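The values are calculated or read from the model by the stated rules, or taken from the named source; none is laboratory data. All values reported here derive from a predicted model rather than from experimental measurement. Virtual Cβ from ideal backbone geometry, glycine too; neighbours counted across all protein chains shown.
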Amino acid sequence: MKNITLNISAIVLTLFALLTLFMSGSVIFDLFGIREKEGNYVLFIVVTNFVAGLLYLLSAYGMLTTKPWTVRLLLMITGMLIIAFVGLMIHVNQGGIYETQTIRAMMFRISLTAFITGIAWKYISKNRKTTSEL
């Protein structure tokens with residue numbers, strides 16, 4: 001069950017990373033006219049998501065190979081996303097332009113990352129401690 005759960009999580013994370021890199025990269029580098037379609041995007045959120053996408057790929061590798069640093073990396077990504085979300089809320093409260101879907105997307109991204117972090121903790125970190133104690 002451990003390997004199946006980690007493999008499925010790694011696949012989901014990889015697909016999410018690729019989608020994230022495509023969408024945020026298209027906005028940052030103005031590819032395929034996506035920048036215009038995105039409307040009032042918040043650049044620091046797009047850049048944060050792009051960096052998260054790169055780190056998601058590394059995390060997926062860590063999950064597939066059950067590397068102990070995977071949990072710390074996923075915690076760092078979650079923290080980075082939360083900090084960006086707080087910055088987004090400050091931006092919104094100061095009257096900055098934004099799209100409502102950005103708030104929903106960030107909440108989803110943070111939740112998904114936290115959920116996958118929990119899976120990595122359960123199947124990588126938690127099990128390492130138990131086996132090392134034997």
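Hey, does region 19-30 have a residue that's exposed (fewer than 12 other Cβ atoms within 10 Å of the Cβ) and either farther than 19 Å from Leu74 by Cα or modelled with pLDDT under 95 (or both)? Scanning region 19-30 turns up at least one residue that is exposed (fewer than 12 other Cβ atoms within 10 Å of the Cβ) and either farther than 19 Å from Leu74 by Cα or modelled with pLDDT under 95 (or both).
Whether a residue is over 23 Å from Arg104 (Cα atoms) and assigned to a helix (DSSP H, G or I) was assessed, and Tyr56 does not pass this test.
Cβ-Cβ contacts under 7 Å between residues 6 or more apart (or on different chains), taken from a first residue in region 106-123 that is without any contact (Cβ under 8 Å) to a residue 40 or more places away in the chain to a second residue that is in a helix (DSSP H, G or I) and surrounded by 16 or more Cβ atoms within 10 Å (Cβ to Cβ), are listed as Ile110/Thr78; Ile110/Leu81; Ile110/Phe85; Ala114/Thr78. Candidates in region 103-130 are the residues that are over 21 Å from the mean Cα position of the chain (by Cα) and either in a loop (DSSP other than H, G, I, E, B) or not basic (Lys, Arg) (or both); of these, the one that is farthest from Leu15 (Cα to Cα) is Thr130.
Here Ile82 passes the criteria (1) within 15 Å of Leu112 (Cβ to Cβ); (2) crowded, with 17+ Cβ neighbours inside 10 Å except the one numbered (2). Taken over region 89-104, residues that are farther than 11 Å from Gly39 by Cα and β-branched (Val, Ile, Thr) amount to 3. Taking region 17-38 as the range and being farther than 19 Å from Leu88 by Cβ and part of a helix (DSSP H, G or I) as the test, the residues that pass are Ala17, Leu18, Leu19, Leu21, Phe22, Gly25, Ser26, Ile34, Glu36, Lys37.
Considering only residues in region 91-102 that are assigned to a helix (DSSP H, G or I) and of a type in the set (Val, Ile, Thr), the one that is surrounded by the fewest Cβ atoms within 10 Å (Cβ to Cβ) turns out to be Thr100. For Tyr41, the requirement of being outside any helix (DSSP H, G or I) and either of a type in the set (Ser, Thr, Tyr) or modelled with pLDDT under 95 (or both) is met.
Considering Leu74, Leu88, Leu64, Leu58, the condition of being within 27 Å of Ile4 (Cα to Cα), among the aliphatic types (A, V, I, L, M), touching a Gly at 6+ places or on another chain (Cβ under 9 Å) and surrounded by 12 or more Cβ atoms within 10 Å (Cβ to Cβ) is satisfied by Leu74 alone.
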